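Each remark here refers to the structure printed beneath this line.
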Amino acid sequence: MPRFRHRIAVDFDKVVHTYPNGYGTGVIDGGLVLGAADALRTLMVDHDVFILTSRTDVDRVAAWITEKTQIPAIADLPGAYADQWGHGVLLVTNRKLPAVVYIDDRAVVFRTWAQTLADIAAGRTASEEPVNDTALPSRNALEEIRGLCDQEDPAAALEAIRGVLERTPDGKAPRSERDLETKVWPPA
């Protein structure tokens, strides 16, 4: 009997896509948020993951995700085979489908992928601590986190990432490649 897989919703703009020019442009002109592809793959091991966006061009979003992450993504369009997602395929939709977790930068939860994965695993709510986006871990800590994302066992990777974050000034990692280019390393 197949194991039941919970659904996890992931917001697109500012969580997967860096969204440099903000609302209203209608253009997908940013890059991939640092760690997003690895985090999606990690979540997809045990969950059916879908990308939730307010954009109407879900087919363009699905194509962008497939290109940038190398993870197959299909658009939730009328007449499409949107029921054939999960188990390695992302669904991109602008409908809020039932899910056990919604990861969103405008919600209380999203700070970094590593912290979000740690919060999900620990069952923590996001309102437990204030968000401070100014401090970043050292370049060495970031490299260590990147290396841990390649582990075959997601649970072991998550535990190791937690350990690295506990050694950083505020438990944060950069949100995007732009953070790496514009922040002073290590933070003062």
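The values are calculated or read from the model by the stated rules, or taken from the named source; none is laboratory data. As the structure is a computational prediction, the values presented were derived from the model and not from experiment. Ideal geometry is used to build each Cβ from the backbone, glycine not excepted, and the neighbour counts take in all protein chains shown.
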So, of the residues in the stretch 110-133 that are modelled with pLDDT of 50 or more and among the β-branched types (V, I, T), which turns out to be farthest from the chain's Cα centre (by Cα)?
T125
Any idea which of R41, R55 is surrounded by fewer than 18 Cβ atoms within 10 Å (Cβ to Cβ) and within 12 Å of the chain's Cα centre (by Cα)?
R41
Considering (1) at pLDDT 75 or above; (2) of a type outside the set (V, I, T); (3) over 17 Å from the mean Cα position of the chain (by Cα), say which one L91 fails and leave the rest.
(3)
